[in-house]
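The values are calculated or read from the model by the stated rules, or taken from the named source; none is laboratory data. Since the structure is predicted, the reported quantities are computational estimates derived from the model, not experimental observations. For neighbour counting, all protein chains shown are included, and Cβ atoms are generated from backbone atoms with ideal geometry for every residue, glycine included. To get the accessible areas, we keep the full protein, side chains included, count just its heavy atoms, and leave off ligands, DNA and RNA. Shrake-Rupley method; radii C 1.70, N 1.55, O 1.52, S 1.80 Å.
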Amino acid sequence: MMIKCLRDIWTVARHELLDSVRGKRFAVVLLVYIAGTMLACNACISVLHRLENQISETLMLSASSSPGAVTDALMKSKSFQRMIIELVKDREVAMELLSVPPLALIYAGLAFTFTPILIMLSTPSRIAHELASGSARFALVRTTRGAWCTGKFLGQALEIILPLMLSAVGAWAIARIRVPDMADTTVVWALITYGWKVWIYCLAFIGLGLGVSQFCRSVNHATAFGLIIWTGLTVLYHAANHYAGEGLREAWNIVPVLLPAGHRLALWRSDPTRVIPAIVYLVTIAMVYFSIGHIFFRKRNL
């Protein structure tokens with residue numbers, strides 16, 4: 001029974017992945033994602049170049065022909081370190097980030113910010129579309145609802161690996177062309193590492209999107225409902241950080257634990273004792289969000 005369930009999950013995941021990849025929408029999203037990452041990295045490198053030239057003028061040094069010449073000195077300066085600590089609001093995390101190649105930080109910042117948005121624009125429609133068209137009935141004759149939905153989750157999780165990895169390659173290519181010194185093997189490893197961390201982070205949003213999708217029969221309603229919930233969770237996270245304090249206000253500290261954004265900062269770390277618990281929390285959150293929708297779906301009349 002267990003072997004059949006696992007086989008069904010893999011079969012559904014494979015069909016989900018192939019169906020998504022064959023669609024024109026996936027090709028458009030993939031191109032936009034990769035192009036957006038490359039353009040953003042190129043813009044950041046240009047800003048870095050102008051900043052370095054401005055610093056060189058201030059210090060009456062000769063202007064650099066390519067960005068990266070004074071970046072190391074800038075990142076090691078006390079003033080810059082204090083600025084990063086104030087921005088991150090965590091000294092340990094800030095000091096770790098200062099040791100990471102700048103290109104990897106740019107890529108990770110873009111991926112952590114925009115990948116969840118793309119997921120919430122596409123994932124909530126996956127189950128709702130098949131419920132609306134009636135095609136779900138043909139699939140559910142051959143397998144259980146649990147295996148079918150789990151296969152959908154696995155397929156969506158596999159789908160986002162390609163955009164994340166290709167965008168990392170694109171960011172590295174831009175750096176290799178413009179700043180060869182910033183595109184060595186250390187940068188490649190950092191890009192791959194952050195790519196997988198972003199993938200783990202996005203599992204929670206896939207769980208949220210598919211959880212919403214199991215409630216809705218209309219594609220438009222599912223997408224709108226998913227975006228509303230995602231926006232509400234984002235506002236709730238920032239509200240919890242703002243109002244958390246002593247006394248009764250300590251209850252606000254529970255909120256970030258239940259939200260994906262509450263574990264994002266830990267994924268920036270390199271310490272396994274911080275990263276592994278964050279991964280466990282994010283996978284658990286993904287399963288909880290997904291299961292809430294499935295509790296309703298397994299009892300609904302198709």
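Of note:
Per-residue answers, yes or no, for (1) at pLDDT 90 or above; (2) among the hydrophobic types (A, V, I, L, M, F, W, C):
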site: VAL141; (1), (2): no, yes
site: LEU154; (1), (2): yes, yes
site: LEU162; (1), (2): no, yes
site: ALA168; (1), (2): no, yes
site: ALA175; (1), (2): no, yes
site: THR186; (1), (2): no, no
site: LEU191; (1), (2): no, yes
site: TRP199; (1), (2): yes, yes
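- In the set HIS242, HIS221, only one residue is part of a helix (DSSP H, G or I), open to solvent by 80 Å² or more (accessible area, probe 1.4 Å) and without any contact (Cβ under 8 Å) to a residue 12 or more places away in the chain; that residue is HIS242.
- Candidate set from segment 280-291 (those that are of a type outside the set (S, T, N, Q) and out of contact with any Leu (no Cβ under 8 Å at 6 or more places or on another chain)); member that is surrounded by the fewest Cβ atoms within 10 Å (Cβ to Cβ): VAL280
- Residues being part of a helix (DSSP H, G or I) and open to solvent by less than 10 Å² (accessible area, probe 1.4 Å) - total across segment 202-218: 9
- Checking the stated criteria, TYR243 turns out to be at pLDDT below 90, aromatic (Phe, Trp, Tyr) and out of contact with any Pro (no Cβ under 6 Å at 6 or more places or on another chain).
- Residue list for segment 96-115, restricted to those being touching an Asp or Glu at 6+ places or on another chain (Cβ under 9 Å) and assigned to a helix (DSSP H, G or I): GLU96
- Here the condition is being β-branched (Val, Ile, Thr) and open to solvent by less than 10 Å² (accessible area, probe 1.4 Å); of VAL179, VAL188, it holds for VAL179 alone.
- Flag if GLY170 is of a type outside the set (A, V, I, L, M), assigned to a helix (DSSP H, G or I), open to solvent by 10 Å² or more (accessible area, probe 1.4 Å) and over 19 Å from GLY293 (Cα atoms): no
- Pairs where the first residue, in segment 186-202, is under 22 Å from LEU158 (Cβ atoms) and the second is open to solvent by 30 Å² or more (accessible area, probe 1.4 Å), C-beta under 7 Å, 6+ apart: LEU191/TRP172; GLY195/MET165; TRP199/ILE161; ILE200/ILE279; TYR201/ARG264
- Some residue of segment 226-237 being surrounded by 22 or more Cβ atoms within 10 Å (Cβ to Cβ), farther than 28 Å from LEU105 by Cβ and more than 15 Å from the chain's Cα centre (by Cα): yes
- Test: residue in segment 97-114 that is at pLDDT 85 or above and exposed (fewer than 13 other Cβ atoms within 10 Å of the Cβ): yes
- Residue check for SER135: open to solvent by 30 Å² or more (accessible area, probe 1.4 Å) and within 27 Å of ASN220 (Cβ to Cβ): yes
- Taken as a whole, the structure leaves ARG269 outside the set of residues that are over 18 Å from the mean Cα position of the chain (by Cα), modelled with pLDDT under 90, surrounded by 14 or more Cβ atoms within 10 Å (Cβ to Cβ) and not in a helix (DSSP H, G or I).
- Where ARG14 falls short, out of the listed (1) closer than 23 Å to ALA171 by Cβ; (2) modelled with pLDDT of 80 or more: (1)
- Just so you know, in segment 138-167 the residues that are without any contact (Cβ under 8 Å) to a residue 40 or more places away in the chain and either farther than 23 Å from ALA27 by Cβ or charged (D, E, K, R) (or both) include one that is most open to solvent (accessible area, probe 1.4 Å), and it is PHE138.
Every residue, every condition in (1) part of a helix (DSSP H, G or I); (2) closer than 30 Å to PRO124 by Cβ; (3) in contact with a His (Cβ under 7 Å, 6 or more places away or on another chain); (4) modelled with pLDDT under 75, yes or no:
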| residue | (1), (2), (3), (4) |
| --- | --- |
| CYS5 | yes, yes, no, no |
| ASP8 | yes, yes, no, no |
| SER20 | yes, yes, no, no |
| ALA27 | yes, yes, no, no |
| LEU30 | yes, yes, no, no |
| THR37 | yes, yes, no, no |
| PRO67 | no, no, yes, yes |
| LEU87 | yes, no, no, yes |
